[in-house]
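Notes follow the structure.
The values are calculated or read from the model by the stated rules, or taken from the named source; none is laboratory data. Not measured: the values here are computed from a predicted model. With ideal geometry, Cβ positions are generated from the backbone for all residues, glycine too; neighbour counts draw on all protein chains shown.
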């Protein structure tokens, strides 16, 4: 289902229109679940669990964009679009925005400051995102 707010982002060249591919959506959700499971592995470093939780959230948010017939190459925009793809309030998706900033500091400056409680919150919100995205994708054909 096409969304006017996201069509505006297409005009601004922040998103691209691309036909939905149901097989791709299934793979993306499977990957999100796998990465979230990795984020719970106690034998993995805090940084590794954070990266897995962040990546789980990103691929699930991207799956929602793809379900609506859009694609973005900008990770931050993918999270912002949750306001339209899943009707999430900013207070819900901002945890991913904060994680994105931490991820960028880690990737580009080699600095990551995260606590176990922050990781727990990120994992919990990623799990909720995966659950809601899975239900939406499984629940209806709403083609773009």
Within the bounds of region 99-107, is there any residue that is free of Cβ contacts under 8 Å to residues at least 40 places away in the same chain, in a helix (DSSP H, G or I) and under 20 Å from residue 128 (Cα atoms)? no
Hits in region 94-144 (condition: more than 17 Å from residue 55 (Cα to Cα), surrounded by 14 or more Cβ atoms within 10 Å (Cβ to Cβ) and at pLDDT below 90): 144
Is region 40-49 home to any residue that is exposed (fewer than 14 other Cβ atoms within 10 Å of the Cβ), in contact (Cβ under 8 Å) with a residue 60 or more places away in the chain and in a helix (DSSP H, G or I)? yes
Note on region 72-91: residues closer than 16 Å to residue 54 by Cα and outside any loop (DSSP other than H, G, I, E, B) are 75, 76, 77, 78, 79, 80, 82
Please identify the pairs in which a residue from region 113-140 that is closer than 19 Å to residue 43 by Cα has its Cβ atom under 9 Å from the Cβ atom of a residue that is surrounded by fewer than 16 Cβ atoms within 10 Å (Cβ to Cβ) and at pLDDT 95 or above, counting only partners at least 6 apart or on another chain. 123/40
If you go through region 65-76 one residue at a time, do you hit one that is out of contact with any strand residue (DSSP E or B) (no Cβ under 6 Å at 6 or more places or on another chain) and more than 22 Å from residue 18 (Cα to Cα)? no
